[in-house]
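Here's the structure, in structure tokens; my notes come after.
The values are calculated or read from the model by the stated rules, or taken from the named source; none is laboratory data. Owing to the predicted nature of the structure, the values given are computational and were not obtained by experimental measurement. All Cβ positions, glycine included, derive from the backbone under ideal geometry; neighbour counts span all protein chains shown. For accessibility, only protein heavy atoms count, side chains too; no ligands or nucleic acids. Shrake-Rupley method; radii C 1.70, N 1.55, O 1.52, S 1.80 Å.
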Amino acid sequence: MDKRFKFDWLHAGLSTSAVLVFAFIYLPMIVVVFYSFSENAVNSFPIREWSTKWYGVMMRDTALLDSLKNSLIVAVAGTLIGLLLGIPAAFAVDRFHFPGKALFERIVLLPMILPGIITGVSMMSVFVLAGVKLSLITILLGHGTFLIAVVMTQVYARLKRFNRSIEEASMDLGATRMKTFFRITLPNIRTAIIGASLLSFTLSLDEIAVSYFLTGRDLTLPVQIWAMLRRGITPEVNAISTMIFVFSVVMIVIVTRLTSEKSEA
């Protein structure tokens with residue numbers, strides 16, 4: 001009886017802690033959503049009048065929309081770079097033994113471990129020394145350095161749990177290595193690839209430290225919002241933040257549904 005009493009208290013404590021953590025994370029975003037529908041230009045509670053006019057103001061803010069477009073371009077391209085280089089790197093580390101393998105693993109993970117400000121300053125110094133003009137390309141290269149590590153770690157962790165005897169059985173039955181990869185290996189690691197893609201896209205869209213030092217005339221959304229904060233938070237920032245939040249939630253729900261349907265099939 002005493003053990004059950006302790007277990008109930010432990011369960012209640014963990015549940016309360018989880019609720020408080022999620023509230024700490026998501027309540028500020030919910031407040032931003034409410035502010036985006038406020039008629040008043042000043043963020044304050046209670047909200048006396050509701051309006052969608054700040055969404056109209058946002059749609060006419062060309063600087064904000066251009067920065068959003070730049071962020072989406074960098075996030076999509078950076079995710080593709082991470083997938084194209086991170087997946088082969090994960091297979092190389094998992095399937096092959098070569099001199100300097102341990103050093104290679106640490107070098108690839110270094111951009112993800114180091115603070116973004118160090119990566120940004122280091123890459124800016126290299127680009128300036130090489131005479132490369134700072135632009136979206138330099139931001140993309142900066143994002144790609146740590147997105148490769150993100151994809152590699154996610155896929156490598158899944159490959160470590162993968163039963164390779166399934167591949168051997170496929171090739172014993174006459175399938176080629178390429179056919180085995182697309183019919184056996186890829187379906188078994190697709191959830192890791194989808195998760196790595198979503199994580200890479202989110203991290204790139206949200207990255208400010210690396211982008212700040214590598215940006216040229218074309219600003220990404222986090223850098224643009226940072227510049228706007230010098231004049232105070234304007235309501236259109238709340239509007240675009242709400243749109244990105246809703247888009248992220250919808251995308252996660254869609255991917256989750258697709259993944260669960262494929263798993264059931």
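In the set (1) more than 25 Å from the chain's Cα centre (by Cα); (2) closer than 13 Å to Val237 by Cβ, the condition left unmet by Val33 is number (1).
Annotation: of all residues in region 89-99 being in contact with a helix residue (DSSP H, G or I) (Cβ under 9 Å, 6 or more places away or on another chain) and of a type outside the set (Asp, Glu), the one that is modelled with the lowest pLDDT is Phe98. Per this entry, Pro111 is counted among residues that are surrounded by 14 or more Cβ atoms within 10 Å (Cβ to Cβ) and either in contact (Cβ under 8 Å) with a residue 12 or more places away in the chain or touching a helix residue (DSSP H, G or I) at 6+ places or on another chain (Cβ under 6 Å) (or both). Counting only residues that are out of contact with any Gly (no Cβ under 8 Å at 6 or more places or on another chain), in a helix (DSSP H, G or I), of a type in the set (A, V, I, L, M, F, W, C) and open to solvent by 30 Å² or more (accessible area, probe 1.4 Å), region 117-135 holds 8 of them.
Looking at Ala149, Ala227, Ala157, just one residue is among the small types (Gly, Ala, Ser), without any contact (Cβ under 8 Å) to a residue 12 or more places away in the chain and assigned to a helix (DSSP H, G or I), and that residue is Ala227. Looking only at residues in region 45-88 that are of a type in the set (D, E, K, R) and modelled with pLDDT of 85 or more, which one is nearest to Gln224 (Cα to Cα)? The qualifying residue nearest to Gln224 (Cα to Cα) is Asp66. A search for C-beta distances below 8 Å between a residue of region 172-197 that is closer than 19 Å to Leu83 by Cβ and any residue that is open to solvent by 60 Å² or more (accessible area, probe 1.4 Å) and among the β-branched types (Val, Ile, Thr), counting only pairs 6+ apart in sequence or on different chains, returns Asn188/Ile166. Which residue, of Thr176, Thr138, Thr153, is among the β-branched types (Val, Ile, Thr) and out of contact with any Gly (no Cβ under 9 Å at 6 or more places or on another chain)? Of Thr176, Thr138, Thr153, the one residue that is among the β-branched types (Val, Ile, Thr) and out of contact with any Gly (no Cβ under 9 Å at 6 or more places or on another chain) is Thr176.
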